[in-house]
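Worksheet: one structure, shown below.
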2 protein chains.
Amino acid sequence: MPHPLRAAALAAALVLPALAEAQTSPQPAARPPVTLQDWGSFHVGGREVVISGQPVREVLFSPGGVPARVDPNGTYMMGGMYAQYMIPSPQRGSVPMLMWHGGGLTGVTWETTPDGRPGWQSFFLRQGWHTIVSDAVERGRAGWTMIPDQTGGQPVFLTLDNPWERFRIGEGPGSFQRGTTYPGVQFPTDRESYRNFVRQNVPRFTTTDELTLEAYLALLDRVGPSVVVAHSQAGLFGWRAAQERPDRVRALVLVEPAAVGDPAKVAALRNIPVLMIYGDNIATDPRWPTIRGNGVRFAEAVRAAGGSVDVVDLPERGIRGNSHMVMMDRNSDEVAQLVQDWLAARGLWR
Amino acid sequence: MPHPLRAAALAAALVLPALAEAQTSPQPAARPPVTLQDWGSFHVGGREVVISGQPVREVLFSPGGVPARVDPNGTYMMGGMYAQYMIPSPQRGSVPMLMWHGGGLTGVTWETTPDGRPGWQSFFLRQGWHTIVSDAVERGRAGWTMIPDQTGGQPVFLTLDNPWERFRIGEGPGSFQRGTTYPGVQFPTDRESYRNFVRQNVPRFTTTDELTLEAYLALLDRVGPSVVVAHSQAGLFGWRAAQERPDRVRALVLVEPAAVGDPAKVAALRNIPVLMIYGDNIATDPRWPTIRGNGVRFAEAVRAAGGSVDVVDLPERGIRGNSHMVMMDRNSDEVAQLVQDWLAARGLWR
């Protein structure tokens, strides 16, 4: 019997050549080349935390190596975040575009789709936007710490069926086991594509919202005026960061925002154009009618304070079948074009 | 008194504008633009693991949201890894270059240096290499799971002083507190640059070497023949992956490898040119004379089996002051050029 991991590796190798072809050896004719002025990454934000009273460990970092004494007591950096930038030439966006992922995910959300098509980062870079894709605090390349009083206890891990049933791919509980989906769902639901998406999931700390907001503010302070495109959980951070740094947020694009801003600070949003986008099959979902309702009510409060918020329900535009992961759905470019046109109409793209 | 996080965020904002200028608004004249044929990312490898007998949790994912029932029992994806590719036009490397980071770190190792200079990924992409930078299993965008029987218990977290004293930046224990370094050390040791590096640290699982090797094999199976550039812990994976897939590894560049391959399979390395690079101040380190000694002895065994291994001690080439993080040191481009010349001399670059 083959080693289970070997079997898994071979299975992955067997099912992936077509994707590998698409992703690592694209046909030159497939897409026009793009010129980059520069690209790179940096970490920003965070603070130092002192831990004491913990036992010293001896750790053998690599087999055949030499054990190293690791004293867990001391000063740690925590609460920083990671950002990767790509600057096209010529630039057509008037400011950088910050792309903020949702909970339990990383900046990978904006890269290649689970079925191997270019993601929204590629779409907007090709439109001439200086894109900055980040990994939020405690996620991905931001790194994480297990300091209970700072990050809570055990983070949340998702099983294979959870996103299928919670992100409106399948029609609620039991749909993953049944292998059923909403009619005409746009998310790529073939076995390999869905597992590619699940591979992107990372543990979710549910008690680090303040740390995360502070890091996003540090990012805005560093980058300067920007367009913020935020998904799901990051709707909270997009709204609140714009309220704390109204001079740094030129426009706010919220894709299926899961939470709202501070009701006491709606006036701060008065001069920031906001676009809220919702997908399909919300009415029949156990949670999304309430989540969308909260969002729409907050939008009304912002308007009442003199702000401008456009709420787009994609089905009302004739764009049907979108899941919670709009930027990964098969019609992701169609929705990205809607965002691009909205930004251009606001004078943010030349 | 200001909120401590706010204070930290402001402090970060105050010290970073110069770097921000260098990293997010480069002078057009600074570096020539680069044309990309394509870019993107994917996950590869891993397997499904079933968990049972755990209690169900109710989780409020976002404030003002709707609590969701999270049943931790079920099937998880684990052991996958993340890879990001950038394909320049024209391509001059004969095969892709896979860049494998060391322990407690991620692919960020190869991107921008902690003091804001282009990293090795930039250097080799500009030379015309199709680069693929990965995050190993349980690190960064690969995601991680806390399944004790699969990933061991608590991973290792590093304090601020640990890399300073273990990566030959300062001269051993106490040097961080003293604020002293090896004479002429090339690592950027100003306060902000060093903390930028520490921000890149991620928790290290010390019991997932087999999972990690399997994922690297899946990566090689997917990408095909490649040059592998591996640092520190990844020396183990570079050697062992080349032994398991000798037809997929055209050359192996090991930067301060922390471990060796399988002594029983040295013959498999017979046709793969190998370059091993070591930095400065090894003789006076408590651990590195042994680690380097193991590496050199393994190289001799590979040569005895008919293989070709070049061991380069940088000080003997007149290149002094390099820490364990050679690709981040101030002379990182000089060492990258040494690697580039070595690869070109082996007919792998046109």
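Annotations
- With its label point put 7 Å out from Cα toward Cβ, A:D313 sits 7.3 nm from the same residue's point in the other copies, in order from shortest.
- Near A:Q127, no amide H atom lies under 5 Å from its own; only residues 5 or more places off or on other chains count, and H is placed 1.01 Å from N.
- Cα-based shape type of chain B, given that a ≥ b ≥ c are square roots of the gyration tensor eigenvalues and the cut on a/c is 1.5: rounded
- If R0 equals 35 Å, the separation of the Cβ atoms of B:D310 and A:L60 corresponds to a calculated FRET efficiency of about 0.80.
- DSSP beta bridges in the protein assembly as shown [antiparallel fraction, %, rounded to 5]: 55
- A simple spin-label model places the labels of A:D247 and B:R317 4.9 nm from each other, with each point 7 Å out along Cα-to-Cβ.
- Sequence-separation-based contact order of chain B, relative, with Cα cut under 8 Å and 6+ spacing, percent: 16
- At a probe radius of 1.4 angstrom, the accessible area of the protein assembly as shown per residue rounds to 33 square angstrom.
- Across the options B:L254, A:T75, A:G235, the greatest Cα extent toward the positive end of the charge dipole of the protein assembly as shown (unit charges at beta carbon of Lys, Arg, Asp, Glu) belongs to B:L254.
- Model label zone, B:A267; criterion: amide N under 17 Å from point 7 Å along Cα-to-beta-carbon; scope the stretch B:288-303: B:301-303
- Debye log10 I(q)/I(0) at q = 0.05 Å⁻¹ for the protein assembly as shown, Cα point scatterers: -0.22
- Position A:P246, label points 7 Å along Cα→Cβ, spacing to each other copy in nm (shortest first, one decimal): 6.9
- Residue-normalised convex hull volume from the C-alpha trace of the stretch B:20-148: 169 Å³ per residue.
- Label-to-label distance, nm, for residues given as A:Q337 and B:R126 (7 Å Cα→Cβ offset): 3.7
- Calculated label separations, A:P67, copies of the chain, 7 Å along the beta-carbon direction, nm: 4.7
- Note on B:D71 and B:E210: with the Förster distance fixed at 30 Å, the Cβ-Cβ geometry gives a FRET efficiency of about 0.55.
- DSSP-defined beta bridges in chain A - what % are antiparallel, rounded to 5: 50
- Placing +1 on the Cβ of every Lys and Arg and -1 on the Cβ of every Asp and Glu, with no other charges, gives the stretch A:210-350 a dipole of roughly 340 debye about its Cα centre.
- Coordinate range along principal axes, alpha carbons of the stretch A:82-180, Å, largest first: 48, 41, 19
- Distance histogram for the stretch A:143-219 (every C-alpha pair counted, 5 angstrom bins, percent rounded to whole numbers): 3, 13, 19, 17, 13, 12, 12, 8, 2
- Student exercise, the protein assembly as shown dipole from Lys, Arg, Asp, Glu Cβ charges, in Debye to nearest 20: 660
- Applying 1/(1 + (r/R0)^6) with R0 = 51 Å to the Cβ-Cβ distance of B:D190 and A:Q177 gives a FRET efficiency near 0.35.
- Chains B and A together bury roughly 9600 Å² of accessible area, counting both sides, with a 1.4 Å probe on protein heavy atoms only.
- Value at 222 nm in deg cm²/dmol, rounded to 500, when DSSP H runs of n ≥ 4 in chain A each add -39,500 (n - 2.57): -9000 deg cm²/dmol
- Here, P(r) means the percent of Cα pairs in each 5 Å bin from 0 to the largest distance; for the stretch A:56-110 it is 4, 11, 13, 12, 10, 11, 13, 10, 7, 6, 3.
The values are calculated or read from the model by the stated rules, or taken from the named source; none is laboratory data. For clarity, every value in this text was computed on a predicted model and none was experimentally measured. Using ideal geometry, Cβ is built from the backbone for each residue, glycine included, and neighbour counts are taken over all protein chains shown. Ligands, DNA and RNA are excluded from the accessible area calculation, which covers all protein heavy atoms including side chains. Shrake-Rupley method; radii C 1.70, N 1.55, O 1.52, S 1.80 Å.
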